[in-house]
Amino acid sequence: MDSGKQSLNNNKMLEAITNNDFRSLLKLVVENPVAHVNRSEYLAKVFKVTESDIINGHLDISLKERKKVAQKQITATVRNTTVISFLTGIPGGIAIAGTIPGDIIQNMVYSIRLAQQLAYIYDFDDLIEEDGKIQTNGLLLFLGTMAGVNGSASLLRVSSSNAIKYASKQILGKPLMKTLWYPLLKKITSIVAGKTLTKKGLVSGIAKIVPVVGGVTSGSITMIGMEMSAKKLNSELLRGFEQNYSERDYEKDIKIIEAEII
């Protein structure tokens, strides 16, 4: 992306943050290549197999190994976001107007990347990617789960390919899926926006008032927040992994979703 387009994109991001327009901001962020994780390249690297094995579906990885790789990824993500957040916290009051949006964007990028990475590890990739493109609605379910939004994790699990065998028994066709998706997705978007743009921006702003202490505080806030949200997503995806997910679990998730949209 050339400097002119990047500048325009940055202005649009700042406008979206200012207007608390999370949908627009998310769309702008996912358009940036840095937010994308190539599934075959990533899985080949972390599971030490060839990309052709991934592409051809020749991947037989135990749940124990998946959990191990997921934990390593979470640890690396928390470490990276903490370092960057510390650096953006250093300027203090002088650069406060310029660093708050950057802090929000970098956390969104790492959250989006982690959502893809954990989705690929636990075979939830059908919800988050299609033909190499990030699916915004599916991504919102992952971000909602990370933010602890009620119903997000349940909708994430029942919408995945792991639940297809149960969905057919429940006659969960497209009309009903839309009934489940749309009201809850609207709620998820609103809550994630509040936590990402309002609360995060406010806390980061307060932390950056004092230069050195601000950097330490900003890094600590980011570390705690990212670690908690990452562990939450990891735990919920584990519950929905094919080996762990039963028809009874599916029925419980449907009831949770119905309770949220009534």
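The values are calculated or read from the model by the stated rules, or taken from the named source; none is laboratory data. Since the model is a prediction, treat every value here as computed from it, not as a measurement. We place every Cβ from the backbone using ideal geometry, glycine too, and count neighbours over all the protein chains shown. All accessible areas refer to the heavy atoms of the entire protein, side chains included, with ligands and DNA or RNA removed. Shrake-Rupley method; radii C 1.70, N 1.55, O 1.52, S 1.80 Å.
Taking the condition of being under 20 Å from K12 (Cα atoms) and not basic (K, R), how many residues in the stretch 27-47 meet it? Step through it out loud before you land on a result.
Within the stretch 27-47, the first condition is being under 20 Å from K12 (Cα atoms), and the residues that meet it are 27-36.
Filter again for not basic (K, R), leaving 28-36.
Number satisfying all stated conditions: 9.
Can you tell me which residue among A167, A153 is at pLDDT 85 or above, open to solvent by 10 Å² or more (accessible area, probe 1.4 Å), assigned to a helix (DSSP H, G or I) and small (G, A, S)?
Values: A167 fails: at pLDDT 85 or above.
Exactly one residue qualifies, and that residue is A153.
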>> Going residue by residue through the stretch 18-26, is there one that turns out to be of a type in the set (A, V, I, L, M), closer than 21 Å to A193 by Cα and assigned to a helix (DSSP H, G or I)?
In response: yes
>> Here are the criteria: (1) modelled with pLDDT of 80 or more; (2) in a helix (DSSP H, G or I); (3) surrounded by fewer than 14 Cβ atoms within 10 Å (Cβ to Cβ). Tell me which single one G93 does not satisfy.
In response: (1)
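Determine whether L8 is modelled with pLDDT under 70 and surrounded by fewer than 19 Cβ atoms within 10 Å (Cβ to Cβ).
Numbers: modelled with pLDDT under 70: yes; surrounded by fewer than 19 Cβ atoms within 10 Å (Cβ to Cβ): yes.
So L8 fits the description; yes.
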>> Going through I256, I209 one at a time, which residue ends up being at pLDDT 60 or above and β-branched (V, I, T)?
In response: I256
> Can you spot a residue in the stretch 229-249 that is within 18 Å of R113 (Cα to Cα), charged (D, E, K, R) and open to solvent by 80 Å² or more (accessible area, probe 1.4 Å)?
Replying inline: yes
> Given the conditions (1) surrounded by fewer than 12 Cβ atoms within 10 Å (Cβ to Cβ); (2) modelled with pLDDT of 80 or more, and given that L25 satisfies all but one, which numbered condition is not satisfied?
Replying inline: (1)
